[in-house]
Amino acid sequence: MEGPDTVSWAPGRGKGPSGEPQPAADQKGRRRAPGTDAVRAGTLAASGRPTVRPPAASHLSDEQVADLGRELDAVRDGILAKRGATDAAYIRKVIRVQRGLEFAGRTCLLGANHKLAWVAGTAMLSVAKIIENMEIGHNVLHGQWDWMRDPDIHSTTWEWDFVTPSKAWQNTHNDMHHRWTNVIGKDRDVGYNVLRVDRDQPWEPKHVLNPVINAGLAPIFEWGIALYDLELDRVKTGEKSKAELFRDLRVVGAKAAKQFAKDYAATPLAAQLLTGSGKSALLATATANGLRNIWAHAVIFCGHFPEGAETFTEEMVEGETRGDWYVRQMIGSANISGSKAMHFMTGNLSHQVEHHLFPDLPSNRYAEVAVQVREICERYGLPYNIGPLHRQVGSTWGKIFRLALPNRG
């Protein structure tokens, strides 16, 4: 396989995570064909400062921001120097475990009329789907394992167990969201076009349904993301043609058909033929998908929308340097504290701050990176947003309820 074609946006220095030229993005942050340019389009200033620094970083001088950027570069370089066989063995083991759990879960569901088989099968299938989405799929699609040159674990070949096609998600998430993290008007992930999650988003009467929409979104999250990735808002403004939309609809339709065939046809049909357990197996696979969606929704929302996760105006990114980009990722993201098992089940997105700083570093390294990043934040007087899962979930939901109403004061 040739050099990696990861589309994770990061402020590269002309080289990708293994020393290869990075694929470029156009001025809107969308991916160009590999090999068309050695670096991403010039969206970061080489020096200077943004028009306005975020309030949480307003005390920093240009020199301090540049120094912070160099320190974080050194953190990243340190991980790259150590990355190797241990990391490769880790992801291969995770994939084996995930596939084993999925196989065992679906096997149990062949006898889903028996309560124990239903519970065990649903539990194993739910965990398998969470691991595939969070620790494997999300991270593989960020190019975290492209350096292995394994065509089976590569950002250009992996198709995950999620309705939205990998390529669509890489465009809206890897490039657009990671470039413009929490910038109102540029980061379409702020509210996913359906929720009001920041005071600076204009209030409209429809926002009184904020809590209802969020509660309904959670169990069908993968379908919400698939719809969001179609970029219907860009079709309305004319930025995306109807021909492009129809092309994307065909791709999403094909992916959805495969997901349906696997979860809602093949497993229930086999269960029906073998033990007459088809309806129970169908309920089990639907439950597993719902639980996976609720978990993914909670983890992702906790990483971006709890109190203390900053949002930014376009002024704050105008003239932004590499160091300023790092600062924005740190103060615009939030972490979840907890056990190793909890970190694993979140795909290490419990280390959301570190993920946004270094989206293409192997996820199993985020825990050691977090120690260094937290110390840097404290030394430069920057907030490091972290809390247990229940607190971050509660904070996120509290904001969603408050922003259902117009701003006060």
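Tabulated data for the structure shown
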quantity	calculated
Hits in the stretch 283-300 (condition: over 19 Å from Gln352 (Cβ atoms) and surrounded by fewer than 20 Cβ atoms within 10 Å (Cβ to Cβ))	Leu283, Ala286, Thr287, Gly290, Leu291
Filtered residue count, the stretch 60-74, keeping only those that are part of a loop (DSSP other than H, G, I, E, B) and either at pLDDT below 95 or within 15 Å of Arg328 (Cβ to Cβ) (or both)	1
Hits in the stretch 93-110 - residues which are farther than 17 Å from Asp161 by Cα and under 29 Å from the mean Cα position of the chain (by Cα)	Lys93
Residues that are surrounded by 12 or more Cβ atoms within 10 Å (Cβ to Cβ) and either within 13 Å of Arg49 (Cα to Cα) or of a type in the set (Asp, Glu) (or both), drawn from the stretch 70-85	Glu71, Asp73
Per-region count, the stretch 210-263, residues among the charged types (D, E, K, R) and touching a Phe, Trp or Tyr at 6+ places or on another chain (Cβ under 7 Å)	2
Filtered residue count, the stretch 310-349, keeping only those that are in a helix (DSSP H, G or I) and either among the acidic types (Asp, Glu) or touching a Cys at 6+ places or on another chain (Cβ under 8 Å) (or both)	4
Residue list for the stretch 287-309, restricted to those being assigned to a loop (DSSP other than H, G, I, E, B) and under 14 Å from the mean Cα position of the chain (by Cα)	Phe305
Residue under evaluation Arg149, criteria (1) on the phi < 0 side of the Ramachandran plot; (2) in contact with a Pro (Cβ under 9 Å, 6 or more places away or on another chain), criterion not met	(1)
Residue tally, condition in contact with a Leu (Cβ under 8 Å, 6 or more places away or on another chain) and either among the β-branched types (Val, Ile, Thr) or free of Cβ contacts under 8 Å to residues at least 40 places away in the same chain (or both), over the stretch 204-224	3
Given (1) farther than 15 Å from Asp161 by Cα; (2) in a helix (DSSP H, G or I), number of the condition Asn113 does not satisfy	(2)
Within the stretch 134-162, tally of residues that are buried (at least 21 other Cβ atoms within 10 Å of the Cβ) and farther than 18 Å from Pro268 by Cβ	17
Top-ranked residue of the stretch 96-121 - restricted to ones that are surrounded by 15 or more Cβ atoms within 10 Å (Cβ to Cβ) and of a type in the set (Gly, Ala, Ser), ranked as farthest from Asn133 (Cα to Cα)	Gly111
Within the stretch 191-207, considering residues that are out of contact with any helix residue (DSSP H, G or I) (no Cβ under 8 Å at 6 or more places or on another chain) and under 22 Å from Ala298 (Cβ atoms), the one surrounded by the most Cβ atoms within 10 Å (Cβ to Cβ)	Gly191
Selection from the stretch 252-296 of residues that are among the basic types (Lys, Arg) and touching a residue at least 24 places away in the same chain (Cβ under 8 Å)	Lys255, Arg292
Top-ranked residue in the stretch 358-382 [being in contact with an Asp or Glu (Cβ under 9 Å, 6 or more places away or on another chain) and outside any helix (DSSP H, G or I); ranked as modelled with the lowest pLDDT]	Asp360
The stretch 187-209: number of residues that are in contact with a Phe, Trp or Tyr (Cβ under 7 Å, 6 or more places away or on another chain) and more than 25 Å from Trp325 (Cβ to Cβ)	1
Failed criterion for Thr181 (all others in (1) within 23 Å of Asp248 (Cα to Cα); (2) among the hydroxyl-bearing types (Ser, Thr, Tyr); (3) under 13 Å from the mean Cα position of the chain (by Cα) hold)	(1)
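The values are calculated or read from the model by the stated rules, or taken from the named source; none is laboratory data. Keep in mind that this is a model prediction, so the values were computed, not measured. In this analysis, Cβ positions are derived from the backbone assuming ideal geometry, glycine residues included, and neighbour counts consider all displayed protein chains.
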